[in-house]
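The values are calculated or read from the model by the stated rules, or taken from the named source; none is laboratory data. In this text, all values refer to a predicted model and were calculated from it rather than measured experimentally. Here the Cβ positions follow ideal geometry from the backbone for every residue, glycine too, while neighbour counts run over all protein chains shown. All accessible areas refer to the heavy atoms of the entire protein, side chains included, with ligands and DNA or RNA removed. Shrake-Rupley method; radii C 1.70, N 1.55, O 1.52, S 1.80 Å.
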Amino acid sequence: MPPLFPERASTMAPRVDALYFFLLAIAVFLSLLIAGLIVYYAIRYRRGSADAVGTRIRGGMVLEVTWTVVPLIITMVIFVWGASVYFAMASPPPETLNIYVVGKQWMWKFQHLDGQREINELHVPVGRDVKLITTSEDVIHDLFVPAFRIKADVLPGRYINIWFRATRPGRYHLFCAEYCGTKHSGMTGQVVVMEPADYQDWLSGGAGQGSLASAGEKLFNDLACNTCHRPDSQGRGPVLNGLFGKTVSLVGGGMLTADEGYIRESILNPSAKITAGFQPIMPTFQGLVTEEQLLELVEYVKSLK
Ligand code: CUA
(Lines give C-alpha, C1' and ligand atoms only; values in the text may rest on other atoms or scores of the structure.)
Protein backbone atom coordinates (compact mmCIF):
# COMPACT_ATOMS: atom_id res chain seq x y z
CA MET A 1 0.00 0.00 0.00
CA PRO A 2 1.54 3.36 -1.01
CA PRO A 3 1.77 5.95 1.79
CA LEU A 4 -1.30 7.70 0.38
CA PHE A 5 -3.35 5.88 3.01
CA PRO A 6 -2.85 5.75 6.77
CA GLU A 7 -1.99 2.39 8.29
CA ARG A 8 -4.80 0.01 9.03
CA ALA A 9 -4.65 -0.82 12.69
CA SER A 10 -8.19 -1.55 13.79
CA THR A 11 -10.99 -3.94 12.92
CA MET A 12 -12.94 -1.01 11.51
CA ALA A 13 -10.22 0.08 9.10
CA PRO A 14 -10.75 -2.58 6.37
CA ARG A 15 -14.50 -1.98 6.39
CA VAL A 16 -14.14 1.78 5.99
CA ASP A 17 -11.50 1.31 3.29
CA ALA A 18 -13.60 -1.17 1.34
CA LEU A 19 -16.47 1.32 1.15
CA TYR A 20 -14.08 4.12 0.28
CA PHE A 21 -12.49 2.13 -2.55
CA PHE A 22 -15.94 1.23 -3.85
CA LEU A 23 -16.85 4.95 -4.01
CA LEU A 24 -13.53 5.69 -5.64
CA ALA A 25 -14.03 2.95 -8.25
CA ILE A 26 -17.48 4.27 -9.16
CA ALA A 27 -16.16 7.82 -9.45
CA VAL A 28 -13.26 6.70 -11.67
CA PHE A 29 -15.51 4.55 -13.86
CA LEU A 30 -18.09 7.31 -14.39
CA SER A 31 -15.42 9.97 -15.02
CA LEU A 32 -13.75 7.83 -17.67
CA LEU A 33 -17.09 6.86 -19.22
CA ILE A 34 -18.27 10.45 -19.50
CA ALA A 35 -14.93 11.84 -20.73
CA GLY A 36 -14.65 8.99 -23.24
CA LEU A 37 -18.16 9.54 -24.57
CA ILE A 38 -17.57 13.28 -24.94
CA VAL A 39 -14.52 12.66 -27.10
CA TYR A 40 -16.18 9.82 -29.05
CA TYR A 41 -19.37 11.76 -29.79
CA ALA A 42 -17.44 14.91 -30.67
CA ILE A 43 -15.70 12.96 -33.42
CA ARG A 44 -18.56 10.64 -34.42
CA TYR A 45 -21.19 13.38 -34.72
CA ARG A 46 -18.99 16.25 -35.83
CA ARG A 47 -20.45 18.60 -38.40
CA GLY A 48 -19.21 17.20 -41.72
CA SER A 49 -20.31 19.88 -44.13
CA ALA A 50 -21.55 23.44 -43.85
CA ASP A 51 -25.15 22.60 -44.83
CA ALA A 52 -25.60 19.41 -42.74
CA VAL A 53 -28.84 19.37 -40.67
CA GLY A 54 -29.27 17.46 -37.39
CA THR A 55 -31.91 14.75 -36.85
CA ARG A 56 -34.80 15.54 -34.55
CA ILE A 57 -35.04 13.13 -31.56
CA ARG A 58 -38.18 12.88 -29.39
CA GLY A 59 -37.05 11.15 -26.22
CA GLY A 60 -36.18 7.52 -25.63
CA MET A 61 -37.97 5.57 -22.92
CA VAL A 62 -35.36 2.83 -22.61
CA LEU A 63 -32.56 5.34 -22.15
CA GLU A 64 -34.53 7.39 -19.60
CA VAL A 65 -35.39 4.38 -17.49
CA THR A 66 -31.82 3.06 -17.64
CA TRP A 67 -30.17 6.24 -16.47
CA THR A 68 -32.69 6.58 -13.67
CA VAL A 69 -32.70 3.03 -12.38
CA VAL A 70 -28.97 2.27 -12.58
CA PRO A 71 -27.90 5.31 -10.46
CA LEU A 72 -30.74 4.56 -8.04
CA ILE A 73 -29.41 1.05 -7.49
CA ILE A 74 -25.83 2.30 -7.08
CA THR A 75 -26.82 4.98 -4.57
CA MET A 76 -28.97 2.54 -2.57
CA VAL A 77 -26.02 0.15 -2.36
CA ILE A 78 -23.87 3.04 -1.07
CA PHE A 79 -26.59 4.01 1.40
CA VAL A 80 -27.11 0.54 2.87
CA TRP A 81 -23.40 -0.21 2.97
CA GLY A 82 -22.56 3.16 4.53
CA ALA A 83 -25.33 2.79 7.11
CA SER A 84 -24.09 -0.64 8.16
CA VAL A 85 -20.54 0.66 8.67
CA TYR A 86 -21.90 3.64 10.57
CA PHE A 87 -23.99 1.49 12.91
CA ALA A 88 -21.05 -0.83 13.53
CA MET A 89 -19.00 2.22 14.54
CA ALA A 90 -21.74 3.80 16.63
CA SER A 91 -22.67 0.73 18.67
CA PRO A 92 -19.93 -0.43 21.03
CA PRO A 93 -19.93 -4.14 21.95
CA PRO A 94 -21.42 -4.90 25.40
CA GLU A 95 -18.07 -5.77 27.03
CA THR A 96 -15.48 -3.05 26.58
CA LEU A 97 -12.48 -1.56 28.29
CA ASN A 98 -13.73 1.92 29.14
CA ILE A 99 -11.51 4.97 29.06
CA TYR A 100 -12.69 8.50 29.68
CA VAL A 101 -11.56 11.32 27.42
CA VAL A 102 -11.80 15.02 28.22
CA GLY A 103 -11.00 17.46 25.44
CA LYS A 104 -9.82 20.91 26.42
CA GLN A 105 -8.24 23.86 24.63
CA TRP A 106 -5.73 22.48 23.67
CA MET A 107 -5.05 19.04 24.95
CA TRP A 108 -6.50 15.57 25.30
CA LYS A 109 -6.83 14.16 28.79
CA PHE A 110 -7.32 10.42 29.22
CA GLN A 111 -8.49 8.80 32.41
CA HIS A 112 -8.21 5.06 32.96
CA LEU A 113 -10.52 3.30 35.42
CA ASP A 114 -7.56 2.16 37.50
CA GLY A 115 -6.58 5.75 38.10
CA GLN A 116 -3.88 6.39 35.50
CA ARG A 117 -4.11 9.76 33.83
CA GLU A 118 -2.48 10.68 30.57
CA ILE A 119 -2.21 13.81 28.47
CA ASN A 120 -1.95 13.63 24.68
CA GLU A 121 -1.01 9.98 24.91
CA LEU A 122 -3.29 7.00 25.20
CA HIS A 123 -2.13 3.48 26.01
CA VAL A 124 -4.40 0.62 25.00
CA PRO A 125 -4.00 -3.15 24.64
CA VAL A 126 -4.11 -4.82 21.24
CA GLY A 127 -7.03 -7.10 20.36
CA ARG A 128 -9.44 -5.74 22.95
CA ASP A 129 -12.59 -3.68 22.42
CA VAL A 130 -11.98 -0.22 23.85
CA LYS A 131 -14.73 2.31 24.42
CA LEU A 132 -13.82 5.97 24.74
CA ILE A 133 -16.38 7.95 26.71
CA THR A 134 -15.67 11.47 25.61
CA THR A 135 -16.64 14.95 26.70
CA SER A 136 -15.25 18.46 26.45
CA GLU A 137 -14.78 21.04 29.14
CA ASP A 138 -14.98 23.98 26.76
CA VAL A 139 -15.71 23.97 23.03
CA ILE A 140 -16.43 21.30 20.43
CA HIS A 141 -13.40 19.15 19.63
CA ASP A 142 -13.21 16.05 17.46
CA LEU A 143 -11.26 12.92 18.22
CA PHE A 144 -9.71 11.41 15.12
CA VAL A 145 -7.38 8.40 14.86
CA PRO A 146 -6.78 7.84 11.13
CA ALA A 147 -5.14 4.44 11.56
CA PHE A 148 -8.26 3.19 13.35
CA ARG A 149 -10.64 5.01 10.95
CA ILE A 150 -12.55 6.44 13.89
CA LYS A 151 -13.66 10.02 14.27
CA ALA A 152 -16.26 11.59 16.53
CA ASP A 153 -17.19 15.06 17.71
CA VAL A 154 -16.37 15.62 21.38
CA LEU A 155 -19.08 17.87 22.80
CA PRO A 156 -19.29 19.94 25.96
CA GLY A 157 -22.16 18.97 28.25
CA ARG A 158 -22.53 15.34 27.29
CA TYR A 159 -20.85 12.01 26.78
CA ILE A 160 -20.21 10.68 23.31
CA ASN A 161 -19.02 7.08 22.95
CA ILE A 162 -16.68 5.83 20.28
CA TRP A 163 -15.05 2.42 20.19
CA PHE A 164 -12.34 0.49 18.40
CA ARG A 165 -10.37 -2.74 18.54
CA ALA A 166 -6.71 -2.21 17.70
CA THR A 167 -5.19 -5.00 15.63
CA ARG A 168 -1.49 -4.11 15.58
CA PRO A 169 0.86 -2.83 18.27
CA GLY A 170 2.49 0.48 17.45
CA ARG A 171 2.16 4.23 17.82
CA TYR A 172 -0.55 6.02 15.90
CA HIS A 173 -1.42 9.66 15.41
CA LEU A 174 -4.33 11.21 17.22
CA PHE A 175 -5.76 14.49 15.99
CA CYS A 176 -8.35 17.07 16.87
CA ALA A 177 -10.42 17.34 13.71
CA GLU A 178 -12.65 20.28 14.59
CA TYR A 179 -11.35 23.84 14.58
CA CYS A 180 -11.31 24.80 18.24
CA GLY A 181 -9.19 27.95 18.51
CA THR A 182 -5.64 29.20 18.12
CA LYS A 183 -3.78 26.01 18.88
CA HIS A 184 -6.22 23.59 17.28
CA SER A 185 -3.51 22.33 14.94
CA GLY A 186 -1.34 21.52 17.96
CA MET A 187 -4.02 19.49 19.68
CA THR A 188 -2.51 16.18 18.67
CA GLY A 189 -1.29 13.09 20.42
CA GLN A 190 -0.44 9.45 20.08
CA VAL A 191 -2.24 6.22 20.69
CA VAL A 192 0.16 3.56 21.91
CA VAL A 193 -1.12 0.06 21.18
CA MET A 194 0.63 -2.54 23.32
CA GLU A 195 0.67 -6.31 23.72
CA PRO A 196 -1.65 -7.27 26.61
CA ALA A 197 1.28 -8.20 28.91
CA ASP A 198 3.06 -4.90 28.21
CA TYR A 199 -0.18 -3.10 28.82
CA GLN A 200 -0.55 -4.78 32.22
CA ASP A 201 3.00 -3.70 33.07
CA TRP A 202 2.25 -0.19 31.98
CA LEU A 203 -0.96 -0.13 34.06
CA SER A 204 0.76 -1.33 37.23
CA GLY A 205 3.61 1.11 36.68
CA GLY A 206 1.24 4.04 37.05
CA ALA A 207 -0.63 2.70 40.06
CA GLY A 208 -0.71 4.31 43.46
CA GLN A 209 -3.21 7.01 42.67
CA GLY A 210 -6.18 4.78 43.43
CA SER A 211 -8.97 3.89 41.04
CA LEU A 212 -11.37 6.35 39.52
CA ALA A 213 -14.20 4.89 41.57
CA SER A 214 -12.30 5.24 44.86
CA ALA A 215 -11.51 8.88 44.09
CA GLY A 216 -15.22 9.26 43.35
CA GLU A 217 -16.14 7.72 46.67
CA LYS A 218 -14.00 10.20 48.54
CA LEU A 219 -15.52 13.09 46.61
CA PHE A 220 -19.01 11.69 47.22
CA ASN A 221 -18.37 11.89 50.96
CA ASP A 222 -16.57 15.24 50.80
CA LEU A 223 -19.49 16.79 48.96
CA ALA A 224 -21.85 15.19 51.51
CA CYS A 225 -23.77 13.37 48.79
CA ASN A 226 -23.86 10.42 51.20
CA THR A 227 -26.12 12.23 53.64
CA CYS A 228 -29.06 12.03 51.19
CA HIS A 229 -28.07 9.12 48.96
CA ARG A 230 -27.89 6.40 51.56
CA PRO A 231 -27.79 2.71 50.75
CA ASP A 232 -30.61 1.91 53.20
CA SER A 233 -33.42 3.79 51.36
CA GLN A 234 -33.90 6.00 54.45
CA GLY A 235 -32.26 8.97 52.72
CA ARG A 236 -33.91 11.91 51.04
CA GLY A 237 -32.47 10.92 47.67
CA PRO A 238 -32.78 7.73 45.65
CA VAL A 239 -30.57 4.76 46.55
CA LEU A 240 -27.72 4.65 44.11
CA ASN A 241 -26.64 1.05 44.67
CA GLY A 242 -27.35 -1.01 41.59
CA LEU A 243 -28.66 2.05 39.78
CA PHE A 244 -26.40 1.88 36.76
CA GLY A 245 -28.00 0.18 33.78
CA LYS A 246 -31.39 -0.01 35.52
CA THR A 247 -34.62 1.46 34.24
CA VAL A 248 -35.70 4.51 36.23
CA SER A 249 -39.29 5.78 36.47
CA LEU A 250 -39.56 9.55 36.50
CA VAL A 251 -41.91 12.01 38.14
CA GLY A 252 -44.59 12.88 35.60
CA GLY A 253 -44.24 9.56 33.84
CA GLY A 254 -41.55 8.40 31.48
CA MET A 255 -38.70 5.99 31.91
CA LEU A 256 -35.03 5.96 31.11
CA THR A 257 -32.04 3.72 31.47
CA ALA A 258 -29.46 5.03 33.91
CA ASP A 259 -26.28 5.53 31.87
CA GLU A 260 -23.23 7.75 32.31
CA GLY A 261 -24.98 10.70 30.66
CA TYR A 262 -27.96 10.46 33.03
CA ILE A 263 -25.77 10.34 36.14
CA ARG A 264 -23.79 13.31 34.88
CA GLU A 265 -26.94 15.29 34.18
CA SER A 266 -28.40 14.45 37.57
CA ILE A 267 -25.32 15.89 39.30
CA LEU A 268 -25.26 19.11 37.27
CA ASN A 269 -28.97 19.61 36.73
CA PRO A 270 -30.75 17.49 39.36
CA SER A 271 -34.26 18.77 38.66
CA ALA A 272 -34.15 17.80 34.99
CA LYS A 273 -35.24 14.21 35.59
CA ILE A 274 -36.58 13.45 39.05
CA THR A 275 -36.94 9.84 40.11
CA ALA A 276 -40.58 8.97 40.86
CA GLY A 277 -41.33 9.29 44.56
CA PHE A 278 -38.74 11.99 45.31
CA GLN A 279 -38.79 15.75 45.68
CA PRO A 280 -36.65 18.11 43.57
CA ILE A 281 -34.57 19.20 46.57
CA MET A 282 -31.07 18.35 45.41
CA PRO A 283 -28.84 21.36 44.75
CA THR A 284 -26.90 21.61 41.52
CA PHE A 285 -23.19 20.90 41.49
CA GLN A 286 -22.64 22.93 38.36
CA GLY A 287 -19.40 24.86 38.74
CA LEU A 288 -18.45 22.95 41.90
CA VAL A 289 -17.06 19.86 40.21
CA THR A 290 -14.75 19.66 37.22
CA GLU A 291 -15.28 17.34 34.28
CA GLU A 292 -12.67 15.01 35.76
CA GLN A 293 -14.39 14.97 39.13
CA LEU A 294 -17.66 14.24 37.37
CA LEU A 295 -16.05 11.19 35.79
CA GLU A 296 -14.94 10.04 39.22
CA LEU A 297 -18.44 10.44 40.63
CA VAL A 298 -19.97 8.66 37.64
CA GLU A 299 -17.53 5.76 38.04
CA TYR A 300 -18.27 5.58 41.76
CA VAL A 301 -22.02 5.37 41.13
CA LYS A 302 -21.37 2.71 38.49
CA SER A 303 -19.32 0.72 40.98
CA LEU A 304 -22.14 0.59 43.55
CA LYS A 305 -23.65 -2.84 43.23
CU1 CUA B 1 -9.62 20.72 19.71
CU2 CUA B 1 -9.47 21.34 17.41
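Here are some notes:
- Percent carbon-and-sulfur accessible area, the chain, ignoring ligands, DNA and RNA, probe 1.4 Å: 61
- Overall, the ratio between the Cα radius of gyration of the chain and 2.2 N^0.38 Å, rounded to two decimals, is 1.41.
- Student exercise, the chain dipole from Lys, Arg, Asp, Glu Cβ charges, in Debye to nearest 20: 1180
- Expressed to the nearest 5 percent, the antiparallel share of DSSP beta bridges inside the chain is 70 percent.
- Highest-MSF residue in the chain out of Val126, Val154, Val39 [GNM, Cα springs under 10 Å]: Val39
- Fluctuation leader among Leu268, Leu97, Leu30 - the chain, Gaussian network, Cα springs under 10 angstrom: Leu30
- In terms of its C-alpha gyration tensor, the range 178-241 has an oblate overall shape, because the principal axis ratio a/c (a ≥ b ≥ c, square roots of the eigenvalues) is not below 1.5 and a/b does not outweigh b/c.
- Where N is the number of residues in the range 42-83, Cα Rg divided by 2.2 N^0.38 Å: 1.99
- Residue with peak Gaussian network fluctuation, the chain [Cα springs, cutoff 10 Å], from Leu203, Leu219, Leu250: Leu250
- Under the convention that each Lys and Arg Cβ holds +1 and each Asp and Glu Cβ holds -1, the size of the dipole of the range 52-180 around its Cα centre is about 400 debye.
- Overall size of the range 169-305 from C-alpha positions, given as principal axis extents largest first: 52, 36, 27 Å.
- Simple spin-label estimate for Ile78 and Asn269 in nanometres, 7 Å along Cα-Cβ: 3.7
- Entries in Lys246/Lys302; Lys104/Lys218; Lys109/Lys151; Lys218/Lys302; Lys131/Lys302 that, when Cα-Cα distance is taken, lie over 20 Å: Lys104/Lys218
- Cα-based shape type of the range 46-140, given that a ≥ b ≥ c are square roots of the gyration tensor eigenvalues and the cut on a/c is 1.5: prolate
- In the chain, taking the dipole from charged Cβ atoms about the Cα centre, the farthest positive-side position among Pro238, Phe148, Leu256 is held by Phe148.
- Of the Cα atoms belonging to the range 241-280, the radius of gyration and Dmax stand at 9.4, 23 Å.
- Residue-span extension gain [Ile119 to Ser91] - 0.36 nm each, minus C-alpha spacing: 7.5 nm
- Helix 212-222 vs. the chain, principal-axis angle (Cα, 0 to 90°, nearest 10): 50
- Rounded, prolate or oblate (a/c below 1.5 giving rounded, otherwise prolate when a/b exceeds b/c) for the range 97-254 by Cα gyration tensor: prolate
- Residue-normalised accessible area of the chain, expressed per residue, 1.4 Å probe, Å²: 58
- On Cα atoms only, tilt of 12-44 relative to the major axis of the chain in degrees: 20
- Beta bridges by DSSP in the range 89-197, antiparallel share as percent, to the nearest 5: 70
- Linear extension gain, Thr227 paired with Trp202, 0.36 nm per residue minus alpha-carbon span: 5.2 nm
- For the range 8-83, applying the loop criterion from DSSP together with a ceiling of 12 other beta carbons within 10 Å to the trypsin sites (Lys or Arg not before Pro) yields Arg46, Arg47, Arg56, Arg58.
- Relative to the longest principal axis of the Cα atoms of the chain, the long axis of helix 61-90 lies at roughly 20 degrees.
- Placing a label point 7 Å from the Cα of Asn241 along the Cα-to-Cβ direction, the residues of the range 214-235 whose backbone N falls under 14 Å from that point are 229-235.
- The listed residues Phe79, Phe110, Phe175, once ranked by accessible area (1.4 Å probe) with the largest placed first, stand as Phe79, Phe175, Phe110.
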